[in-house]
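Here the structure comes first, spelled out in structure tokens, and everything after it is commentary.
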Amino acid sequence: MAKRSAAVMLITPAVILAVCSGIIAGASYIPVQKIKAAADLVFSANAGHEQINEIKYTEKEVESQLDNGSKIIYPSFGAQYATIKIDSIDLEAPVYFGSTDELLKLGVCQYLGSVFIGEKGNVVLDAHCNTFFLNLGDVKVGDIIVLTTSYGEFTYKMKESTIFKETNNELIAPTADDRLTLYTCYGNLLGPTEDRLAVICELVEKKFYD
Amino acid sequence: MKHLEKYIPNLLLTIILVFALIGVEGITFAKNQLMRSQPYIETVEKNDVALKSMNAIEKYFKDSENYSGIPADVYMSAITEEDIKRMIDMKINNAFDYINGSASKYDEMQFDFTKLEKSLSDYFAEFAEKNNVEIDDAYNQQLKKTIDTAESEISNFTDVYMLKMIEKTGAFSKLNKLYGFVNPLIYISAGLTAMFIIIIIIISRKNFLYWISSALLCSSAIALILCLYFKLSGYLDKLVIRNDYIYSAVTGMLNGTINKYIVLQTGIFAFGIILMAIYIIICKKTSSIDKNSN
Amino acid sequence: MKNYIKKIAAVISAVSIIGTMSISVSAATADDVVAAARSAGFLEEYVQMLQNYLKVNKFSESQYDILVDKISNVGSEMDDVALKNFGKTIAEMKGEAKVDPDTGVVDDSFLKDVVDKMTNENIMNSLNEIVEAGKKMGLNITVEQKGDKNYIMTVRDADGNVQTVVPVGKLVDTTGAEDNSTKGYPEFAIICGVVIAAGGISAWLLSIANKKSENTNG
């Protein structure tokens with residue numbers, strides 16, 4: 001009988017521990033995930049990003065010539081065909097043609113409704129605000145942005161930045177002038193938002209490789 | 001061994017007491033260790049963060065000599081390690097002034113860069129004289145741009161806790177809103193703790209020591225398991241921070257905090273064991289007295 | 001006589017076949033497809049997407065014909081919307097649109113007005129034309145609705161490889177952080193629930209054991 005009492009006294013704290021742990025774990029799962037996301041954002045923003053290859057894309061390149069005689073190589077959807085470099089915010093990232101959830105995880109994506117890099121018009125690139133374009137807001141007027149492809153190097157200078165709503169397509173529409181438009185989410189780094197930050201850059205130099 | 005009277009009510013009260021203890025310990029510890037600037041400033045001192053930051057600044061200006069044409073000495077002669085330490089402390093204090101409501105907004109830093117401005121102005125003037133450069137608007141613009149860039153870069157290197165980045169996540173304004181609740185929460189959880197201890201004593205006069213010590217053991221065990229998981233899983237080592245001075249400050253602070261919390265909880269655990277031991281000794285004495293009287 | 005009639009019948013059927021063929025053969029090019037999209041009333045963003053797609057993916061003349069044909073059906077759909085809401089066809093609205101005197105570029109903001117008036121049904125009808133075109137061209141085109149007037153069209157080649165993924169409706173990407181805080185929570189909650197339940201059952205059993213030892217001790 002004494003043994004039974006001793007067993008009850010021994011096991012009771014373990015039962016209390018189990019019940020309390022279960023309640024604390026269940027209640028704190030979501031807040032901990034949110035804090036972890038914020039910590040990952042602060043500490044791991046420049047870390048390497050996961051490679052995902054769930055979707056198989058058609059792989060092809062089509063060599064062509066522009067009106068001015070320069071050679072251009074058109075990439076297929078999903079291909080990484082350029083890199084973007086912005087020294088002022090220490091950014092160097094791959095640029096993919098097309099944008100899907102998967103491609104946005106891999107790098108900076110080019111909006112399908114914009115011209116290919118090197119062609120006349122508006123090149124529109126976007127990326128996640130918590131990864132590649134985390135510091136896009138720190139790009140200042142006059143900062144240089146370089147897009148490098150296998151057929152040339154294209155230099156732009158930041159002209160202005162603005163905030164727009166996701167329902168407004170004005171800034172990503174085709175233009176008559178040569179420009180680069182970079183955009184990302186604005187206002188809420190830890191969740192979705194209706195606002196976008198656009199950084200508009202004017203073309204400085206087009207250097208096609210011979 | 002005695003049986004435990006009113007088992008289920010006492011068990012439920014003990015479970016609630018565990019939460020009250022975790023609450024009062026956690027919030028009090030957080031207020032003293034995480035919501036004041038002092039522990040952060042002490043970590044910076046302990047880990048020589050100011051020196052590491054100074055080295056990084058010197059390296060930056062040395063690397064930029066090639067394209068700026070301005071020797072690193074022009075900058076480094078105007079700032080000392082003490083200046084860097086003061087800038088770091090100022091940023092930390094400003095952040096906590098905003099969080100605790102002393103300041104209405106987060107002002108990164110207002111440091112007196114007069115010496116740096118004079119050093120750069122003197123260098124520019126000397127260069128202009130040597131090379132017959134006209135002192136016009138373009139010259140003044142260039143000088144201003146150089147000074148602004150230098151101040152901005154030095155400021156970045158003194159942001160050792162990445163406060164600018166944390167502010168971007170909106171955390172400061174959230175903490176500012178929560179700060180007002182900290183003291184009330186401490187009083188409430190302390191009050192609840194006292195209340196449940198009193199209730200347990202009232203309804204279980206013979207075994208209250210057992211229940212209270214169980215509560216202390218369980219609350220400290222939960223905290224210790226979490227802290228040890230953090231330490232042993234190496235989560236802090238996985239933090240990707242390229243800059244040495246930031247890495248030292250951040251991991252120094254996090255490690256220091258976890259270590260202090262482990263010490264606190266170990267003390268509480270030991271106190272729980274002592275209470276349990278006292279209870280067992282009392283039980284044995286009373287049961288031997290009962291046996292002798294029978 | 002029989003042979004003579006047979007020969008005439010053969011000539012007649014040959015002529016009719018040639019005649020039918022001449023109706024369908026028009027030797028369209030990629031540029032014709034793009035021009036058809038513009039005249040059908042496609043917004044310039046979609047024209048650009050189509051141009052980009054056709055620069056990389058090449059087709060035969062008959063396939064371009066199919067595209068021109070289906071795009072003109074989309075144009076009819078848009079004309080219906082324009083007539084219903086503005087009392088004019090796309091071509092009529094274009095004729096009345098302002099023209100920049102310096103560049104000669106037509107102000108196509110009227111197209112946005114027409115597109116804004118399109119219902120989900122209009123959009124689906126238009127997209128179905130493209131899906132049909134894909135079927136005839138040997139492509140597999142699928143459309144997924146993401147929200148109100150928000151679709152994703154995926155074009156796959158005969159081998160199932162993705163040729164392009166086109167947004168329709170909502171063109172600006174969602175580039176914010178995903179909120180993954182609830183990912184895996186249901187499973188985790190079940191485990192916590194099991195632990196709490198086990199604790200509760202153990203507490204009940206311990207209380208019985210405790211009562212038994214109380215009864216024994218008197």
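Values in this text are rule-based calculations from the coordinates and carry no lab data. For clarity, every value in this text was computed on a predicted model and none was experimentally measured. FYI the Cβ positions are ideal-geometry reconstructions off the backbone, even for glycines, and counts take in every protein chain you see.
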Open item on the list: Can you tell me the orientation of helix A:2-44 relative to chain A, as the angle in degrees between its alpha-carbon axis and the longest Cα principal axis, to the nearest 10?
Closed with: 10
Task: lysines with Cα under 27 Å of B:Lys177, excluding same-chain neighbours fewer than 8 positions away - done: A:Lys34, A:Lys36, B:Lys31, B:Lys91, B:Lys105, B:Lys164, B:Lys168, B:Lys260
Task: Vicinal HN-Hα couplings computed from phi for the stretch A:164-171 (Karplus, 6.51 cos²θ - 1.76 cosθ + 1.60; Hz; Gly/Pro x) - done: 9, 7, 5, 8, 9, 8, 3, 6
Task: DSSP H segments from chain B that extend 18 Å or more along their own axis, Cα-based, with Kyte-Doolittle mean of 0.5 or above - done: B:7-33, B:171-203, B:208-233, B:244-293
Open item on the list: Give me the dipole magnitude in Debye, nearest 20, for the stretch B:88-179 about the Cα centre, with unit charges on the beta carbon: positive for Lys and Arg, negative for Asp and Glu.
Closed with: 640
TODO: Work through the residues other than B:Asn292 whose Cβ is under 15 Å from its Cβ and net out their charges, Lys, Arg +1 and Asp, Glu -1.
DONE: +2
- [ ] Take the alpha carbon gyration tensor of the stretch A:79-186, find the square roots of its eigenvalues, order them as a ≥ b ≥ c, and report rounded if a/c is under 1.5; if not, report prolate when a/b exceeds b/c, else oblate.
- [x] rounded
Task: Where trypsin sites (Lys or Arg not before Pro) fall in DSSP loop in the stretch B:189-269, at most 15 other Cβ within 10 Å - done: B:Arg205, B:Lys206, B:Arg242
TODO: Please give every one of the aspartates and glutamates within straight-line cross-link reach of B:Lys130, meaning a C-alpha to C-alpha distance under 18 Å, and leave out same-chain neighbours fewer than 8 residues apart.
DONE: B:Asp122
Task: Total formal charge among the other residues, if their Cβ is under 12 angstrom from that of A:Tyr29, Lys/Arg +1 and Asp/Glu -1 - done: +2
Task: Candidate lysines - alpha carbon under 17 Å from B:Lys118, same-chain residues fewer than 8 apart omitted - done: B:Lys144, B:Lys145
- [ ] Taking trypsin sites (Lys or Arg not before Pro) as candidate sites, keep only those in a DSSP loop with at most 14 other Cβ atoms within 10 Å, then name the longest stretch of chain A containing none of them.
- [x] A:57-139
- [ ] Between C:Thr29 and B:Phe230, with labels modelled 7 Å along Cα→Cβ, what's the label distance in nm to one decimal, could you check?
- [x] 6.9
- [ ] Run through every distinct alpha carbon pair of chain A and return the Kirkwood hydrodynamic radius in angstroms, one decimal place.
- [x] 19.9
Open item on the list: Compute a Gaussian network model of chain A, connecting alpha carbons closer than 10 Å, and tell me which residue from A:Asn135, A:Asn122, A:Asn168 fluctuates the most.
Closed with: A:Asn168
Task: Ellipsoid semi-axes in whole angstrom, largest first, where each is sqrt(5λ) of the Cα gyration tensor of the stretch C:48-177 - done: 27, 19, 16
Task: Anisotropy class of the protein assembly as shown from Cα gyration tensor, a/c 1.5 cut - done: oblate
